[in-house]
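The values are calculated or read from the model by the stated rules, or taken from the named source; none is laboratory data. Here the structure is a predicted model, which means the values were calculated and not measured. So basically every Cβ, Gly included, is an ideal-geometry build from the backbone, and we count neighbours across all protein chains shown.
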Amino acid sequence: AKARGRGAYQLFEPEMEEEARSRHALEHDLRGALESNQFHLVFQPQVRLASSELTGFEALLRWKHPSRGLVSPAEFIPIAEENGLIVPIGEWVLRTACASAASWPDVTVAVNLSPVQFRSRGLVTLVTSALAEAGLPPQRLELEVTETALLDDSEATIGILHQLRALGVRVSLDDFGVGYSSLSYLRKFPFDRIKIDRSFVGTLGESPESVAIVRTIASLGSVLGVETTAEGVETEAQLAFVRECGCTAVQGYYFGKPCPAADVGRTIETLKAV
Ligand code: C2E
Ligand code: CA
Ligand code: CA
Ligand code: CA
């Protein structure tokens, strides 16, 4: 029985070991990635529904690993949040995104902020300095935060959000509808925008629950005077649907996949013609 037990144990052990090793290696490589210029940003268009007009781009981080190739942010950002590397990486993202946006015509850049960045000191100073350094008007920067950022220490976080807003930047509540979604966040802090998680948009065709959720968030936004962006719109049918639900903006492959900084100008021209 002993031998069998051991055998059964070893059956799944190597897999777990392999996973831990791979994560460990990734964490090791992540430590040098910033210095070695392995990061770049891509930009995804955001479109206002009423006028079909391009209003801005969301900056999304990409890591080109020297041997693994592109590693998904869904894989490396949790690691960077755990070991604190997200703070210097997030600073690089913010400064780089602001610098890029300064060369665009009058459209915004949206930058994701990790909850960990809220717990680190100096976030407001960093945003102020990134804007000044790039010469970007604060109105052209939008910061995307998730509910997780508001979970703990909410007094302090709400204070920081107010300071950021006082600078003139806009603040969005990202991935709304998943996780700990609480309507009280919307009362505690005046967000400029709610972004409806793409898991709902992607299932509009088959799930009456998703339809109800998108509708409810859109009307909530309309009552509160808050913009509502439907994320992950890929098809004409989804576009028509979120429009009908009352969402005010969309982001998704239908209007454009994230593109490198060099292609932003072309994307702006293409979307003007739509
Ligand atoms: P997010 O902030 O919700 O970003 C939207 C994600 O949805 C992006 O994935 C984007 O490429 C993807 N997406 C957009 N439209 C569509 C669509 O029509 N269909 C599908 N299937 N996907 C679509 P990405 O770039 O892989 O980023 C994943 C997540 O990683 C982001 O989710 C965000 O939470 C995080 N992330 C990315 N860049 C940064 C960053 O600079 N800082 C931080 N803290 N997090 C970041
Ligand atoms: Ca986002
Ligand atoms: Ca999102
Ligand atoms: Ca998401």
**Message:** farther than 22 Å from residue 140 by Cα, at pLDDT below 95 and in contact with a Leu (Cβ under 7 Å, 6 or more places away or on another chain): is that true of residue 204 in this structure?
**Reply:** no
**Prompt:** Would the range 221-230 turn up any residue that is charged (D, E, K, R), closer than 14 Å to residue 244 by Cα and away from ligand 4 (no atom under 14 Å from the Cβ)?
**Reply:** no
Those residues of the range 163-189 which are at pLDDT 90 or above and either within 16 Å of ligand 3 (Cβ to nearest atom) or over 17 Å from residue 118 (Cα atoms) (or both) amount to 168, 170, 171, 172, 173, 174, 175, 176
So the helices (runs of 4 or more DSSP H) completely within the range 102-162 holding 3 or more residues that are surrounded by 15 or more Cβ atoms within 10 Å (Cβ to Cβ) and away from ligand 3 (no atom under 16 Å from the Cβ) are 115-119, 123-134
